[in-house]
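Step one of this worksheet: look at the structure below.
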Amino acid sequence: MVDPTLSPEAVDSLLEDQDLEAARETLRSVSANDESYSVARIKLALCDGTMNAGAAMQALIQLMRRNPDWPGAKALYQKASTNAFESHQSSHSHSHPPPPVERK
């Protein structure tokens, strides 16, 4: 039985240990309206493949727009961004377009 009083940080630790099932069970025992587990839910979705890196980054951006210091959001965003780039789901050209070309 999973302890339903586990903190978001404890769920993150389960995810880091690749114990996806324990993390999933813990998150099921927490109210879906409890936003303190938002980053953990996004991280689980990334880990189990139900969310791609781009969607995760967008969800994290929404959290950080509301609170730039949302616990764990920035670190997970950086990890998702790196994973997206390494798996060729993104490239530097998407975020840094080339300068305009002068036509003569």
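Could you compute how much accessible surface LEU27 exposes when probed at 1.4 Å, giving the result in Å² to the nearest 10?
20
Once you put a point 7 Å from the Cα of ILE61 and another 7 Å from the Cα of THR82, both along the Cβ direction, what distance in nm separates them?
2.1
Net charge around LEU63, counting only other residues with Cβ within less than 15 Å of its Cβ (Lys, Arg = +1; Asp, Glu = -1)?
Neighbour charge sum, excluding LEU63 itself: +2.
Take every Cα pair under 8 Å in region 16-91 that's 6+ residues apart, average their separations, divide by the length, and report that relative contact order as a whole percent.
On the way: 48 pairs, mean separation 19.5, N = 76.
It comes to 26 percent, rounded to a whole number.
The values are calculated or read from the model by the stated rules, or taken from the named source; none is laboratory data. All of these numbers come straight from a predicted model, not from anything done at the bench. When we count neighbours, we look across all protein chains shown, and the Cβ atoms used for this are built from the backbone with ideal geometry, even at glycine. Please note that ligands, DNA and RNA were not included when accessible areas were found on the heavy atoms of the full protein model with its side chains. Shrake-Rupley method; radii C 1.70, N 1.55, O 1.52, S 1.80 Å.
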